[in-house]
Amino acid sequence: MLYQNILLIDDDEDDQEIFLTALESTRKPVRCTVLDSARKALNQIHRGELEADLIFLDLNMPLMNGQQFLAEIKKDEKLRKIPIIILSTSSNAATAMQVKELGACHFFTKPDRFEDLVAILDEVLV
């Protein structure tokens, strides 16, 4: 599937910059919106202010964490079809299984190497 509107929800500015640079390296024709708050993203999506074909979601965030966001999105009949990819510092297998059970389509631990992040994006953004 060709994704045109990607949403990255991550509260870490360095991770946001690395993601955007890696996304540019893929040379995929996509637009990426970045938000630092899952709660803000959920509100904007519900109000129709923000559309996303694909969401990259960090788990560890204040106020509303990634698992809470994922659970809320999957409750909504119109929004549950949006693929959500977890991109987190966590490498816990139980956490990966739990978010997949909640409806995430992929779980990736944030790689240490920039090239590995580009490879993940290339894989997902077919």
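The values are calculated or read from the model by the stated rules, or taken from the named source; none is laboratory data. Quick caveat, the model's predicted, so the values are computed rather than measured. Backbone-built Cβ (ideal geometry, glycine too); neighbour counts: all protein chains shown. The area values use the complete protein model at the heavy-atom level, side chains included, leaving out ligands, DNA and RNA. Shrake-Rupley method; radii C 1.70, N 1.55, O 1.52, S 1.80 Å.
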Next item on the list: Using just the helices of the chain, give the 222 nm mean residue ellipticity in deg cm²/dmol: DSSP H runs with n ≥ 4 each add -39,500 (n - 2.57), and the total is spread over all residues, rounded to 500.
Entry: -13000 deg cm²/dmol
Margin query: Suppose the Debye formula is applied to equal point scatterers at every Cα of region 52-91; what is log10 I(q)/I(0) at q = 0.22, 0.27, 0.29 Å⁻¹?
Written below: -0.69, -0.95, -1.04
Note to self: How large is the accessible surface of ASP11 in square angstrom, using a 1.4 angstrom probe and rounding to the nearest 10?
What the structure shows: 60 Å²
Checklist line | Hz values of 3J(HN,Hα) by residue in region 22-32 - Karplus curve (6.51, -1.76, 1.60), Gly and Pro given as x | finding: 5, 4, 4, 5, 6, 6, 7, x, 10, 10, 10
Margin query: Through the Karplus equation 6.51 cos²θ - 1.76 cosθ + 1.60, θ set to phi - 60°, convert the phi angles of region 105-113 into ³J(HN,Hα) values in whole Hz; use x for Gly and Pro.
Written below: 8, 8, 9, 10, 7, 4, x, 6, 9
Check: Counting other Cβ atoms within 10 Å of each Cβ, which GluC sites (Glu not before Pro) in region 13-121 have at most 15 and sit in a DSSP loop?
Finding: GLU49, GLU51, GLU77
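Could you work out the longest stretch of the chain that avoids the trypsin sites (Lys or Arg not before Pro) located in DSSP loops with at most 13 other Cβ atoms within 10 Å? Could the numbers behind the result be given before it?
Values: sites that count: ARG27, ARG47, LYS78, ARG80, LYS81, ARG113.
My reading of the result: 82-112 is the longest stretch.
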Check: Tell me, what is the per residue accessible area of the chain in Å², probe radius 1.4 Å?
Finding: 56 Å²
Note to self: If each residue of separation counts as 0.36 nm, what is the full-extension length gain between GLN4 and GLU72 once their alpha-carbon separation is subtracted?
What the structure shows: 22.2 nm
Item checked: GLU123 paired with GLU13, simple spin-label distance in nm, labels 7 Å along Cα-to-beta-carbon -> 3.1 nm
Check: Non-local amide H neighbours of LYS110 (under 5 Å, H modeled in plane, Pro and chain starts lacking H): which ones?
Finding: SER88, THR89, SER90
Notebook entry, point to check: Which percent of the accessible area of the chain is formed by carbon and sulfur heavy atoms (probe 1.4 angstrom)?
Noted result: 47 percent
Margin query: Need one word for the chain: rounded, prolate or oblate. Basis is the Cα gyration tensor (sqrt eigenvalues a ≥ b ≥ c); a/c below 1.5 gives rounded, then a/b vs b/c decides.
Written below: rounded
Next item on the list: Give, in nm to one decimal, the length gained when the segment between ARG47 and LYS100 is fully stretched (0.36 nm per residue of separation minus the Cα-Cα distance).
Entry: 16.5 nm
Next item on the list: Measure off 7 Å from each Cα along the Cα-to-Cβ vector at LEU20 and GLU115, then give the distance between these two points in nanometres to one decimal.
Entry: 2.6 nm
